[in-house]
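Trainee: I'd like to ask some things about the structure below.
Nothing in this text is a laboratory measurement; each read-out follows from the coordinates by a stated rule. Source: prediction; values computed, not measured. In this analysis, Cβ positions are derived from the backbone assuming ideal geometry, glycine residues included, and neighbour counts consider all displayed protein chains.
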Amino acid sequence: MPKKEISSGTAHALPDDLRKAITSSLKALSTWENITPLARNEWICWTISVKTEATRKEHVKRAPEELKEGKRRPCCWMGCVHQKDKVTSPSQKYVLSKISKKKTQR
């Protein structure tokens, strides 16, 4: 079965599981296509930048539900740090420093 054509993000390709979840709802797909490429990128990054497979599955499940509600970006998330042309905000630097400290303590 061919993949349904759907827009991707700016720094990340759209994973197949997220593509399938979003295209399963016309309302979620409509919101997806009406947000900016940067906003789509943040949904993708929010889904793939997790530590466990369980969290990833939860994010894939939540993304189309929240898009159907009209949400344009993932809630309570610091944003994609993989964007090369974007300045890292002070809040992102703080979170990244905490993550870095945890990794060095292991």
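Trainee: Would you mind checking 20/93; 27/93; 20/57; 51/93; 20/71; 27/57 for any pair whose Cα atoms are more than 24 angstrom apart?
Mentor: Values: 20/93 33 Å; 27/93 35 Å; 20/57 12 Å; 51/93 19 Å; 20/71 18 Å; 27/57 20 Å.
Pairs exceeding the cut-off: 20/93; 27/93.
Trainee: Using DSSP to call loops (not H, G, I, E or B), can you name the GluC sites (Glu not before Pro) in region 38-67 whose Cβ has at most 14 other Cβ atoms within 10 angstrom?
Mentor: Working: sites: 42, 53, 58, 65, 66; in loops: none.
In loop regions of region 38-67 (DSSP not H, G, I, E or B), there are no sparsely surrounded GluC sites (Glu not before Pro).
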